[in-house]
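Here's the structure, in C-alpha cells; my notes come after.
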Amino acid sequence: MTDEQLIDRLQHAAFDYFPGAFNPANGLVADTTRPGAPCSIAVVGFALSTYPVAVERGWIGRTEALQRALATLRFFHGSDQSGAADATGHKGFYYHFLDMETGRRTWRCELSTIDTALLIAGVLLAARYFNRDHRDERELRFLAEALYLRVDWDWACAGRATIRQGWKPECGFLHYGWDGYDEGILLYVLAAGSPTHPIETAKYTAWTATYQWENLYGEEFLYAGPLFVHLFSHAWIDFRGIRDAFMRRKRSDYFKNTRRAIAVQREYAWRNPRGFAGYTRDCWGLTACDGPDEGTPELASHLGRLYGYAARGVPYGPDDGTLSAWLGLSCLPFDPEAGLAATHAVLQRYPQTLHDGRFASAFNPSLAGSDGEPWVSAGTFGLDQGLLVMMVENHRTGLIWELMRGCPYLRSGLKNAGFGEGWLQ
C-alpha cells in the first residue's frame, strides 16, 4: 500500500464513524461508540465539517450529506433555548452533552462556549459548501446564518475581561475563563466577527495577554502542553501567513507555532524523561484523550499515577505513558514527514490501536499485558475521527481552509481580532 492509499483508507474509515453515530430523527451525533454515549455538540460540529469531504471523495452523495446537515440545523434552530435545566441551550449556546433521542441536556453539564464554537464552525462550513440555488440548500444557509447570529458572545463574557468557559442554570457562570493559549482562538474569532452580539476587541487582546511564550528543546513557541490545542482551531482556519499583534511581535504565526509544538512533542518522546515504554522520535502524541485509571486492579504495578481521561501534555505533563495514534495523520499539514513516520511506526508496532479500521482514542505500551499487547482505549471518539478527516483533507486538497477563507464572518472576526497579511489582504 502506498502512502496515499494508506492515508485515503484511514481518512475514509475515520469518516465512517459519523454515519454510524448519527440519529436521523434529529441530526445529533454520539460522542463515542460506547453504548449509551450522549451527543457531544462539538462532535456534531466536526460531523458537519466532514460532509463536504465525504461528498468530494465520493463516500456519500451530495443529497444524503445535505439531508444529514439539514436535520442537524433544523433541530438546533428549533431547540429549547430557555436555559432550563432540561433545555438544549440558552442565548444561542448549547449544553455540552445532549440526550441522543430528546436533544436535551444530560449529565448536568455546562452550557459550553468552546463546544458551541466548534458546532457553529461546522454550521458555517456547511453553509459555505451547500451553496447551490436549490430549496434545501437555501434553507440550510438560512438556518446556518440564524444559528450564528443568535449566539450572544458578549453575554458569555459576564462582564469579565475574557470569555467564560461555561454557564449552568444551577449556579450561573463558571469561575474560570478562556485564559492562556488554547483551542479558544476559534471561539474568540467567531465572537469577534458577529454582527449581532460581538465581543469587544479588548477581549481578544486580554486573552493574548495571558499567553505563555517559552523556549523548549531549542524551539521558541507559544506554549500549550496537549497537542490538540495546537490543532483544533486550525481545522477550520488557515493560519498560514496571517498574524495578529502577538505573532507580529514574535515574528511568527500560529501555523509555524504548531509545527514547533510537534517538534517539541517528538523531542520529548525521544528523551522520554519518565522512562515509559514505546516512546521514540516516531512514536509520540500527548493530548486530551482516554486513558487507564487507577481503579483498574491489573494496572496496579504501573510506576506512577494513572489519569483516566485527561489532557496529557509535554513537557510538564500530565504523562502516564498514554499516547494517541491518530495525531500523526492530524499533523500532516504542518509536518508531513513526521506525521507519516508516526503513523507507520504505530501501525507496525501497535496495530491493536485500530478498531474497525479507525484509531482508538489512545494506547499505553507501558501497560502491556501478558501477551505483550499494549493497553488500548475501548471504542472510538468522534472528536478524534473528525479532526483526522479534516486535517488530512487540508493536507491533501486544502478544501476546508478554502471554504472557510470565503466565510465573511470568519474573515471579519480575524480582522477585528487584529489579524492581517497573507490571504486576508
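The values are calculated or read from the model by the stated rules, or taken from the named source; none is laboratory data. Computed from a prediction, not measured in an experiment: that's the story for all the values here. We place every Cβ from the backbone using ideal geometry, glycine too, and count neighbours over all the protein chains shown. Each accessible area value is taken on the protein alone, full model and side chains, heavy atoms only, with ligands, DNA and RNA left out. Shrake-Rupley method; radii C 1.70, N 1.55, O 1.52, S 1.80 Å.
Treating the beta-carbon of each Lys and Arg as +1 and of each Asp and Glu as -1, no other charges, what is the dipole magnitude of region 1-133 about its Cα centre, to the nearest 20 debye?
On the way: 12 positive and 14 negative charges, 56 e Å.
With only Lys, Arg, Asp and Glu charged at Cβ, the dipole is about 260 debye.
Within region 88-155, list the GluC sites (Glu not before Pro) lying in a DSSP loop whose Cβ has at most 15 other Cβ atoms in a 10 Å radius.
Those that pass, being in a loop and sparsely packed, are GLU101.
For region 135-242, what is the convex hull volume of its Cα atoms per residue in Å³?
150 Å³
Given Cβ point charges of +1 (Lys, Arg) and -1 (Asp, Glu) and nothing else, what value in debye, to the nearest 20, does the dipole of the chain about its Cα centre take?
1060 debye
Give, in whole angstrom and from largest to smallest, the semi-axes √(5λ) of the equivalent ellipsoid of the chain, with λ running over the eigenvalues of the Cα gyration tensor.
Semi-axes from the Cα gyration tensor: 31, 25, 22 Å.
Would you be so kind as to identify which of LEU332, MET1, PHE419 lies farthest towards the positive end of the dipole of the chain, taking Lys and Arg as +1 and Asp and Glu as -1 on Cβ and the Cα centre as origin?
It is PHE419, whose Cα lies furthest towards the positive end.
Taking the chain as the reference, fit the longest principal axis to its C-alpha atoms, fit the long axis of helix 135-149 to the helix C-alpha atoms, and give the angle between the two in degrees, 0 to 90, nearest 10.
That works out to roughly 80 degrees.
Relative contact order of the chain, please, whole-number percent, based on alpha carbon pairs below 8 angstrom and at least 6 residues apart.
17 percent
How tilted is helix 62-77 with respect to the longest principal axis of the chain? Cα atoms for both, answer in degrees (0 to 90, nearest 10).
Approximately 70 degrees, to the nearest ten.
Helix 382-396 sits at what angle to the longest principal axis of the chain, using alpha carbons and giving 0 to 90 degrees rounded to 10?
90 degrees
Send over a whole-number figure in Å² for the accessible area per residue of region 47-170, probe 1.4 Å.
Per residue, region 47-170 has 38 Å² of solvent-accessible surface.
In debye, nearest 20: dipole of region 173-290 around its Cα centre with unit charges on the Cβ of K, R (+) and D, E (-)?
440 debye
With a 1.4 Å probe and all protein chains left in place, how much accessible area per residue does region 182-340 have, in Å²? Before the final figure, lay out the partial values.
Working: 5780 Å² over 159 residues.
Ligands and nucleic acids excluded, the figure is 36 Å² per residue.
Of TRP59, TRP207, ALA269, which is farthest towards the positive pole of the chain's charge dipole, taken about the Cα centre with +1 and -1 on the beta-carbons of Lys, Arg and Asp, Glu respectively?
The residue sitting farthest along the positive end of the dipole is TRP207.
Where Lys and Arg each count +1 and Asp and Glu each count -1, what net charge lies around ARG349 among other residues with Cβ under 12 Å from its Cβ? Before the final figure, lay out each step's value.
On the way: positive: none; negative: ASP282, GLU373.
Net charge around ARG349: -2.
Determine the sum of side-chain charges near ARG266: Lys and Arg each +1, Asp and Glu each -1, restricted to other residues whose C-beta is under 14 angstrom from that of ARG266.
-1
Which lysines have a Cα lying under 16 Å from the Cα of LYS168, excluding residues fewer than 8 positions away in the same chain?
Straight-distance partners of LYS168: LYS91.
Based on the Cβ-Cβ distance from ARG249 to ASP371, what FRET efficiency comes out when R0 is 51 Å, to the nearest 0.05?
0.45
If the cut-off is a Cα-Cα distance under 25 Å, which lysines reach LYS250, setting aside same-chain residues fewer than 8 apart in sequence?
Straight-line reach from LYS250, under 25 Å: LYS203, LYS415.
Among the GluC sites (Glu not before Pro) within region 168-220, which fall in a DSSP loop and have no more than 15 other Cβ atoms within 10 Å of their own Cβ?
Working: sites: GLU170, GLU183, GLU200, GLU214, GLU219, GLU220; in loops: GLU170, GLU183, GLU200.
Qualifying residues, ordered by number: GLU170, GLU200.
Over the chain, with every protein chain in place, what whole percent of the accessible area is carbon and sulfur at 1.4 Å, could you tell me?
48 percent
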